[in-house]
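Okay, so here's the structure we're looking at.
The values are calculated or read from the model by the stated rules, or taken from the named source; none is laboratory data. Fair warning: this is a prediction, and the values are worked out from it, not measured in the lab. Quick reminder, even Gly has a Cβ in these numbers, built from the backbone with ideal geometry, and neighbours come from all protein chains shown.
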Amino acid sequence: MGAYITDTSTADVLFQLNNRFGPGAPLDEMVTIQKEFQVFSERYSLKQAFRLLHIVPADFTERRFWFVFLEALKNYVSDQEGISGHDRIVRAYQENLESARPLPVHTTTHRLADDRRVMVTQGHPIIYEPQEYLTISIPTKPAAESLPRRAAAEARRTG
Amino acid sequence: MAAADAVEGDLKGKRPLSGSAVDAPDPDAVWHRVQAYYEAKLARHGANPRGVDWSCTATQWLRFVQLLKLCSFDTPLSLIDLGCGYGALAAFLAERYPRASVDYLGIDLSSAMVRRARRRHRGNPAIRFRIGRSYPQQADYTVASGVMNVRLGCPIPLWESLVRSTLADMRRMSRRGFAVNFLAMLPVNTPPEMLYCPHPAIWSRYCEEELGCAVEVRDDYGIREYTLLARCQ
C-alpha cells in the first residue's frame with residue numbers, strides 16, 4: 001500500500017478493515033450484506049465493494065490513490081497460481097462470508113521485498129485472542145521509499 | 001433521513017437539547033433541532049449515506065430491503081418515504097425492482113435534503129419530493145428509515161409522543177401498511193441521551209392495539225436494530 005497511499009492512510013484503512021470484519025456483530029453484519037448483495041463476487045471489483053462498504057481513507061485526497069491501489073491489485077500475484085492478488089482477496093472474502101462457519105478477517109501487510117504475493121491464511125494473528133481469523137496479507141513497500149515516485153508521477157500528470 | 005450508525009464519535013460532542021425543547025413540550029423545537037443536525041451532516045458529507053448518518057451504502061440498502069418486505073411489487077403501487085433524505089430509496093427501488101411500477105413520494109423536514117433529492121431524480125415524473133412531516137393523502141405504503149433514532153437529548157416522554165404521532169401519521173397515510181425501523185442498542189461510545197433505542201414490544205403493541213395493524217418484527221438482518229412491518233387490517 002505504501003506505493004499508493006501514505007502510512008497514515010494505510011493505518012486508517014487497516015483499522016477500518018479489521019473493525020468492519022471483526023468478530024461478533026461486525027462479522028454478522030458483513031455476512032448479511034454478503035448474503036443479500038454479494039458484495040464480494042464477480043459482480044463487483046474490490047474498488048466497488050469497498051466503496052459500497054465505505055472503507056476508504058478519511059483523507060479525501062487519499063481516496064483516489066486508495067482506489068488506484070485496489071485496481072492495481074489486479075496486477076499483483078497471489079499465493080494461488082494464476083490468480084491475481086485482487087481476485088484472491090475477493091474470493092477469500094466471498095468463500096469465507098458464504099461458508100458455514102465464517103471467520104473474522106484480519107488484514108495486514110508484509111514486506112514486498114520478502115514476498116511479492118498476496119497471501120491468505122487461517123490462524124491466530126492476534127496473540128492475545130484465542131479467536132481464529134482469516135488473514136489477508138498484502139505486500140507493501142514503505143511509503144518513504146515509494147511516495148516520492150508518486151509525487152513525481154502526480155507532478156508530471158498535472159503538468 | 002436516517003440515523004446514527006455512522007460516525008459514533010459525531011454525537012459525542014453534541015449538546016443535548018436545551019431551552020424550549022426541554023422546558024416546554026415543544027415538538028417544533030425538537031424537529032427543528034433534528035433538521036439542523038441532518039442538514040449539518042448533508043453539508044459535511046454530501047448526498048451519500050454519510051450525509052444522512054448511515055455508515056455506508058450497503059447497510060443503508062440492508063435497511064431498505066427490510067422495509068420493502070412490506071410491499072408487493074406484483075402490481076403498481078404508491079409509496080411514501082417519510083424522512084426521505086436525498087432520495088436514496090427511490091434510486092434503490094429502481095435498481096432492485098426495475099420492472100416494478102412505483103409512484104414514489106419522498107417527504108423530508110429539510111429543504112436542503114429535498115433540493116438534493118429533486119436534483120438527483122430530475123425528469124422522472126413517478127418520483128416526487130415534498131418538504132414536511134406528513135402528507136394529507138394516502139398511498140398504498142409508507143416507510144421511514146431511521147427517523148426515530150436521533151433524539152439529541154430530547155427527554156424520552158417528549159420523544160415518545162413524537163414517535164407516537166409519527167406512527168399515527170404513517171398509519172393515516174397508508175392504505176395497506178407502513179414500515180419503520182428502530183435501533184435495538186446504542187452504538188459503542190454514543191451518549192445514550194442522543195439516541196433512542198426502545199424495546200420492540202413498545203411500538204409493535206402500539207401499532208397493533210392503537211392503530212389496528214398486524215405487526216411483524218424483523219430483527220435478523222445483521223445490524224443492531226429492528227424493523228416493524230405494520231399491515232393495515
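Tell me yes or no: at least one residue of the range A:46-69 is aliphatic (A, V, I, L, M), away from chain B (no Cβ under 14 Å), surrounded by fewer than 19 Cβ atoms within 10 Å (Cβ to Cβ) and over 23 Å from residue A:129 (Cβ atoms).
yes
Of the numbered conditions (1) touching a helix residue (DSSP H, G or I) at 6+ places or on another chain (Cβ under 9 Å); (2) at pLDDT below 90; (3) among the hydrophobic types (A, V, I, L, M, F, W, C), residue B:64 satisfies every one except a single condition; which is it?
(2)
Quickly run through the range B:119-137 and pick out the residues that are touching a residue at least 40 places away in the same chain (Cβ under 8 Å) and either touching a Leu at 6+ places or on another chain (Cβ under 7 Å) or farther than 16 Å from residue B:86 by Cβ (or both).
B:133, B:134, B:135
Can you tell me which condition residue B:151 does not meet? The list is (1) without any contact (Cβ under 8 Å) to a residue 24 or more places away in the chain; (2) closer than 30 Å to residue B:224 by Cβ, and all the others hold.
(1)
Mind listing just one residue for me: the one in the range A:13-45 that is among the acidic types (Asp, Glu) and within 14 Å of another protein chain (Cβ to nearest Cβ) and, of those, farthest from residue A:140 (Cα to Cα)?
Among those that are among the acidic types (Asp, Glu) and within 14 Å of another protein chain (Cβ to nearest Cβ), it is A:36.
Within the range B:186-222, can you find the residues that are under 22 Å from residue B:141 (Cβ atoms) and either among the β-branched types (Val, Ile, Thr) or within 14 Å of chain A (Cβ to nearest Cβ) (or both)?
Listed by number, the residues that qualify are B:215, B:217, B:218, B:219, B:220, B:221.
Do the conditions hold for residue B:126, that is, is it within 14 Å of another protein chain (Cβ to nearest Cβ) and surrounded by fewer than 16 Cβ atoms within 10 Å (Cβ to Cβ)?
no
Give me a count of the residues in the range A:74-89 that are surrounded by fewer than 21 Cβ atoms within 10 Å (Cβ to Cβ) and either in contact with a Leu (Cβ under 8 Å, 6 or more places away or on another chain) or within 14 Å of chain B (Cβ to nearest Cβ) (or both).
2
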